[in-house]
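The values are calculated or read from the model by the stated rules, or taken from the named source; none is laboratory data. Nothing here was measured: the structure is a model prediction, and the numbers come from that model. Here the Cβ positions follow ideal geometry from the backbone for every residue, glycine too, while neighbour counts run over all protein chains shown.
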Amino acid sequence: MNRREACPGDLSNWKIRILGLVLATGPAWAADLSLADRQADFGEFVRDVTENYAWPDRQEKPWLSWQARYAGAVVAADSKESLANVIATALDELHDFHAEVRSRHPNRWLPVPTFADVWATPEKDAARVIAVREGSDAQRAGIAPGDVVLRIGQTPVPAAIDGRLTAAVDTREAQARAWALLSLLAGRADEERHFTIRDARGRVRDVTLPLERRFDRDQKPVSVRRLADDIGLIRFNNSIGQQATVAAFDAALEELRATRGLILDLRDVPSGGDSSVALGIMGRFVSGSMLPYQRHRIPDYGQPDVERNWLELVAPRGPFTYAAPVVALVDHWTGSMGEGMAIGLDAMHRATVVGTPMAHLAGAVGEFHLAHSGIDVAFATEQLYHVDGTLRQDWLPPIRVPEPTTSAAVLVRGREQLEQILGSTGSGH
């Protein structure tokens, strides 16, 4: 079985129709559950997190009090749908976009970064937009990096963030507030989004983003371009979870085999993917011996004082190794397995990574099935590291593009970096 390092809400199609998800929630989802079944499943959920969550040493451990704090909510939750909402609310206290209920409930909070189109950071009384997803509703509505979000709906940003967090956690903690803001900006599956925006010229306007989400992208697994000065570019179209991507990448690499240098564009892989696909891609840049690309760690492995650690290696594959210089582009929509590819290419010294911080998705995800309700819960069960010991979610690209920034600016910086490398090595071959 392939390791799945996917962002919750895995999507590969070019257009996302939330209305279809609403219609998909039928009577089976809302079927009644006995109180004993609900209590058994919630107890199993708490045990699963307590025994398997990848981050047991984090400062806040809300799972230690879930059983007591949510007892009343479990009693009141007389259906699978309502029990799933209770579990989702508990998971929200982790402030971890790799933790979710695998749900199609119409009012659920949409996963980040899969559905995110605005990336912003909290400020004292507002939020600063630092990136906008290319081909998104937000971009079409004219939201731009550098804009300031004043209100979400009718609520000032700080109060909206407070409302997204529960009283059981420290609402002043920076990571929690950043998580809440990104969740609010992505919104719920069955609601339009309404923002009050101030642009760089000081003009204030209200923006409504439609219920039907659309992210424009090529429907092929990869897009291939030959740029000026004999530079190749391969862009992944949220396709690292598709086995067909390996063959598509092989064909693209054959087409660009004789180029002076290559740009790998990892900026549209928000849903993560399969390690088998990533290994297949990275294997085309390795020759001779296998090379380590990331480190895995499972703390509390069977016993509180036992842990499991290993290095994962990339084996050479394919009819030839692409040996010319490579630059990999990353941004906030480089998620999960995409982040793994970035740190791996860096660790193997096979690409220079250029861009902004990535999605900061923490760890590799495991799934747990609750027997009575049939609810599936996902959260990180392994810690992942760059081979130099840096946690994957903390790793930053060596060539950092200052924010706020645009997609075009990241590409320009990547091309500049590749030309600089080629200039120092001659022709690049």
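Out of segment 71-101, which residues are small (Gly, Ala, Ser) and over 15 Å from His372 (Cα atoms)?
Initial filter on segment 71-101 (small (Gly, Ala, Ser)): 71-73, 76-77, 79, 82, 84, 88, 90, 99.
Result: Ala71, Gly72, Ala73, Ala76, Ala88, Ala90, Ala99.
The criterion of at least 3 residues that are out of contact with any Leu (no Cβ under 7 Å at 6 or more places or on another chain) and without any contact (Cβ under 8 Å) to a residue 60 or more places away in the chain is met, among strands (runs of 3 or more DSSP E) falling completely within segment 287-354, by 308-314. I'd like the full set of residues that are touching a residue at least 12 places away in the same chain (Cβ under 8 Å) and among the hydroxyl-bearing types (Ser, Thr, Tyr), limited to segment 69-126. Correct list: Tyr70, Ser79, Thr89, Ser103, Thr114, Thr121. Can you pull out every residue in segment 266-286 that is more than 21 Å from the chain's Cα centre (by Cα) and part of a loop (DSSP other than H, G, I, E, B)? Within segment 266-286, just Val286 meets the criteria. Residue count for segment 303-338, restricted to those that are more than 22 Å from Val118 (Cα to Cα), among the charged types (D, E, K, R) and surrounded by 14 or more Cβ atoms within 10 Å (Cβ to Cβ): 2.
Out of Ala278, Ala248, Ala252, Ala258, which single residue is over 30 Å from His194 (Cα atoms), surrounded by fewer than 16 Cβ atoms within 10 Å (Cβ to Cβ) and of a type in the set (A, V, I, L, M, F, W, C)? Give the steps one after another, and end with the answer.
Details: Ala278 fails: surrounded by fewer than 16 Cβ atoms within 10 Å (Cβ to Cβ); Ala248 fails: surrounded by fewer than 16 Cβ atoms within 10 Å (Cβ to Cβ); Ala252 fails: surrounded by fewer than 16 Cβ atoms within 10 Å (Cβ to Cβ).
Every option except Ala258 fails the conditions.
Restricting segment 165-184 to residues that are surrounded by 20 or more Cβ atoms within 10 Å (Cβ to Cβ) and of a type outside the set (Gly, Ala, Ser), which is nearest to Trp63 (Cα to Cα)?
Filtering segment 165-184 down to residues surrounded by 20 or more Cβ atoms within 10 Å (Cβ to Cβ) leaves 165, 176-177, 179-184.
Then drop every residue that is not of a type outside the set (Gly, Ala, Ser), which leaves 165, 177, 179, 181-182, 184.
Numbers: Leu165: 15, Arg177: 19, Trp179: 18, Leu181: 22, Leu182: 23, Leu184: 23 Å.
Among those that are surrounded by 20 or more Cβ atoms within 10 Å (Cβ to Cβ) and of a type outside the set (Gly, Ala, Ser), it is Leu165.
Among the residues of segment 59-82, which ones are assigned to a loop (DSSP other than H, G, I, E, B), modelled with pLDDT of 90 or more and within 22 Å of Thr171 (Cα to Cα)? Show your work before the answer.
Keep residues of segment 59-82 that are assigned to a loop (DSSP other than H, G, I, E, B), which gives 59-62, 70, 77-78.
Those left that are additionally modelled with pLDDT of 90 or more: 61-62, 70, 77.
Lys61, Pro62, Tyr70, listed by residue number.
Which members of segment 268-287 meet the condition of being under 17 Å from Asp346 (Cα atoms) and out of contact with any Gly (no Cβ under 7 Å at 6 or more places or on another chain)? Spell out how you get there, then give the answer.
We begin by selecting, within segment 268-287, every residue under 17 Å from Asp346 (Cα atoms); these are 275, 278-287.
Within segment 268-287, Ser275, Leu279, Gly280, Ile281, Phe285, Val286, Ser287 qualify.
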